[in-house]
1. So in the range 130-161, with the set limited to residues that are among the small types (Gly, Ala, Ser) and part of a helix (DSSP H, G or I), which one is nearest to SER334 (Cα to Cα)?
2. From the list THR219, THR215, THR198, which one is part of a loop (DSSP other than H, G, I, E, B) and modelled with pLDDT of 75 or more?
3. Considering LEU264, LEU224, which residue is surrounded by fewer than 18 Cβ atoms within 10 Å (Cβ to Cβ) and either among the aliphatic types (A, V, I, L, M) or at pLDDT 75 or above (or both)?
4. Within the range 232-260, take every residue that is at pLDDT 75 or above and of a type in the set (A, V, I, L, M) and give me the one that is nearest to SER301 (Cα to Cα).
5. Among the residues in the range 93-101, are any modelled with pLDDT of 80 or more and touching a Phe, Trp or Tyr at 6+ places or on another chain (Cβ under 6 Å)?
6. Could you pull out the residue among LEU286, LEU271, LEU298 that is modelled with pLDDT of 75 or more and touching a Gly at 6+ places or on another chain (Cβ under 9 Å)?
7. Using the structure shown, decide if SER182 is modelled with pLDDT under 70 and under 22 Å from the mean Cα position of the chain (by Cα).
8. Given the condition part of a helix (DSSP H, G or I), over 15 Å from the mean Cα position of the chain (by Cα) and in contact (Cβ under 8 Å) with a residue 24 or more places away in the chain, answer yes or no: does some residue in the range 100-109 qualify?
Amino acid sequence: MSFLEITKWNSLRLDKVILAFLLTLILIAIFDQSQLWPSIVFAGKNIVTILPFIVLSIGVAAYTKASNLDSKINTTTSGNPIVSIGIAALFGTLSPFCSCGVIPLIAGLLRAGVPLAPVMAFWISSPLMDPEMFILTSAVFGLEFTTFKTIAAFLMGTTGGIVAYLMVRAGYFQEIMRPQTSGGCGSSCAPDKKPDTTIYWKFWRDPKRTETFKTEAMTNGWFLFKWLALAFLFESLMVAYLPVDKVALLFGDEQWWSIPLGALIGIPAYLNGYAAIPTINSLIELGMGAGTGMTFMLAGSVSSIPAAMGVYALVKKPVFFLYLLLGLFGAIVSGYAFTAWLTL
């Protein structure tokens, strides 16, 4: 199928995601018409805000496929699993991709046959920290909080990768991606026995590879856009009917259950890594414990509504629930650990 045919098909196709988006708009108009325009604006602004990261990630994923770099990545990550997991977690901690923008890159890696373990490590650690977020977080919370969050991001990614590796070795997750996102790959997207390992850095000199780049970019772009539009629409309703400033009332006196509750509240109430900085700072000033704030930021980054919906659309349910549980468990453990650190 050519690039123009895909463009025409995708522009006309009304799949379940688009129908859900339109149905949600209709329901908002019926039950709360005053919320219709704010929700549309909210979704539009959020998409525009992360657009540079989306374009970058889609471009990287498409280039990786068109240049045949995915075969090299697959070979590299098929070596020592612990080393590849650690490298993936470190790269994720340093990379600028958010939890939504990283999805097309992850899709490209999985389709290329990269093992689930390093992908999971990168996937979990990537939205938790990046250089710009480190600077902004340090300015608001101080170096101690920010350094701990950075270490937690690396350890959460590493732990997630190791757990995924052990479960794959035990026979779980034989199928990773959903059929509609795997490009026809039926199981774990393993590459051919004798793949072409030549890297075509200047792929645009080959018409077929140029077509591959266009197809990959269009497929990933359409997939990401429709799911993000629906996710941000849902998030606008969460923000409207669950004001973040009211969350502080649940954490007046920090109890043992405050940290797990902070992880669960972070799912609907979390906006994005940068918006969370002033939000959590305000909540801490209103009485939320620093450990709960740490948990809220970590859990929200991994399991927020847009991120969770993107992951759910990409992989099969068992992989999705593993990703979700690893994120929540890691955030809770990090929150308790930070609380204990502050009491030393």
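The values are calculated or read from the model by the stated rules, or taken from the named source; none is laboratory data. Since the structure is predicted, the reported quantities are computational estimates derived from the model, not experimental observations. Quick reminder, even Gly has a Cβ in these numbers, built from the backbone with ideal geometry, and neighbours come from all protein chains shown.
1. The initial filter retains those residues of the range 130-161 that are among the small types (Gly, Ala, Ser), namely 138-139, 142, 152-153, 157, 160-161.
Subset that is part of a helix (DSSP H, G or I): 138-139, 152-153, 157, 160-161.
Numbers: SER138: 18, ALA139: 21, ALA152: 6, ALA153: 9, GLY157: 12, GLY160: 14, GLY161: 17 Å.
Among residues in the range 130-161 that are among the small types (Gly, Ala, Ser) and part of a helix (DSSP H, G or I), the one nearest to SER334 (Cα to Cα) is ALA152.
2. It is THR198.
3. Numbers: LEU224 fails: surrounded by fewer than 18 Cβ atoms within 10 Å (Cβ to Cβ).
Only one candidate qualifies: LEU264.
4. Selected residue: ILE259.
5. Looking for residues that are modelled with pLDDT of 80 or more and touching a Phe, Trp or Tyr at 6+ places or on another chain (Cβ under 6 Å), one finds at least one in the range 93-101, hence yes.
6. LEU298
7. Yes; evaluated as a whole, the condition is true for this residue.
8. Among the residues of the range 100-109, not one is part of a helix (DSSP H, G or I), over 15 Å from the mean Cα position of the chain (by Cα) and in contact (Cβ under 8 Å) with a residue 24 or more places away in the chain, which makes the answer no.
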